[in-house]
Amino acid sequence: MFENVQAAPADKILGLMMQFREDPRDNKLDLGVGVYKDSHGDTPVLAAVKSAELRLFDSQKTKAYVGVQGDKEFCAEMASLVLGDSVSMDRARICQAPGGTGALSILSMLIGRTAPDATVWLSDPTWPNHMPLLKNARLKTQQYPYYDTKNGKLLFDGMMEALSAAKPGDVLLVHGCCHNPTGADLDLAQWAAIADLCLEKGLLPFVDFAYLGFGDGLEEDAAGLRLLASKVPEMLIAASCSKNFGVYRERVGAAMIIAAAPAQAEATFTQLMSVTRAVYSMPPDHGAAIVRMVLTDPHLKSEWITELNDMRNRMLKLRSGFAEALRRESNSSRFDFIADQRGMFSRLGIAPEEIDRIRADHGIYIVGDSRINIAGLPDNRLDEVARAIVSSIE
Ligand code: PMP
């Protein structure tokens, strides 16, 4: 069976991480990897998470299966964190999923089951795992223009124009906030226009919400998604807790279905549960139990919000500091967009050979599409990194 199997194409980001590990230079810098880093370059366990973990260790009485939906209290907490009061909860159904990727995958399989002819429209560019997971669910895909990398600008008109070709029943995949890889987000007027478009054309919005709290704040980051939820009859949401709770390896996420009426939500949810039952049966418990404990304990929740605010404020400060350093070094406003964008990523908009030069000459590792992890920038080396970049592109 395996004698004729060809190797799958190597994952570019993982390849870059390997190359970084083997680089002997002391001052090497990894701006490729997609995890938050603090000012020491570490990705520590949050204090609120550690406390919840200790409590869980003491209080947990069984490791029996958690059930196909997962932890119901976790689901309810996630629904209120994400949706607020934008939608009546009797029209919503939520299940725990193994990370944002797990939520995206099972919802994509649900689309494959209930609307196999739908085309899923996704942004160009988008998170590199969107396309493969949609293909795994055997869905048709098309991309809409989203971002002009060279000029650091959102292409909203181009996006809307492309979507005018979408057919009723098609699915519109959008990033809830902190767009990966561009950092360019929709404003509220644009979210409203998307809601109108979905209503007008009968499109199903599917929101990938992986960075809640990493942009402008918990409420601010959810505002666009909530506006959409308040207007459309149906919607899918894949939320991840990997970044905002720093529980990457625990695989914590939630899949949400909103339907026009409670009975439709329930019927669709039974289909989703039947998808998950066939794929992984039950979700992992540990990480979701921690998130549930943090969200239901007022003390732990306020500790978590402080830690989340610290992570966000660090990224905002790095954004403005790095944009300033690049302005000084390049004597131009070419990179000013970095300060206006949000979340963990931005694209520098430089050429692949320039990226190679920056790596070879300065040990700074950047992904081939010029995406950098803002949180990977050391606070005390902004000028040095800016100088290395500018000297390699001149
Ligand atoms: N969506 C986007 C846009 C992401 O950037 C990520 C993480 N890199 C995910 C989903 C999935 O996150 P996870 O599966 O680690 O929760």
| Nearest-5 percent of antiparallel DSSP beta bridges in the stretch 167-310? | 40
| said: At 0.890 mPa s and 25 °C, plugging the Kirkwood radius over alpha-carbon pairs of the stretch 49-296 into Stokes-Einstein gives what diffusion coefficient in µm²/s? | reply: 135
| task | Return the Cα extents of the stretch 263-355 along principal axes one, two and three, sorted largest first, each rounded to a whole Å. | result | 59, 38, 26
| query | Hey, got the dipole for the chain? About the Cα centre, +1 on K and R Cβ, -1 on D and E Cβ, debye to the nearest 20? | reply | 700
| remark: the chain: relative contact order from alpha carbon pairs under 8 Å, six or more residues apart, as a whole percent, is 25
| Residue-averaged [θ]222 nm for the chain, counting only DSSP H segments that reach four residues, each worth -39500 (n - 2.57) | -15000 deg cm²/dmol
| field | Spatial separation of Cα centroids for the stretch 8-73 and the stretch 254-309, in angstrom | value | 19
| said: Per-residue counts of other Cβ atoms within 10 Å, averaged by peptide: what ranking do you get for 200-210, 304-314, highest first? | reply: 200-210, 304-314
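Quick note: the coordinates plus some simple rules give every number you see, no bench work behind them. Note that the coordinates shown come from a computational prediction; the quantities given were computed from them, not determined experimentally. So basically every Cβ, Gly included, is an ideal-geometry build from the backbone, and we count neighbours across all protein chains shown.
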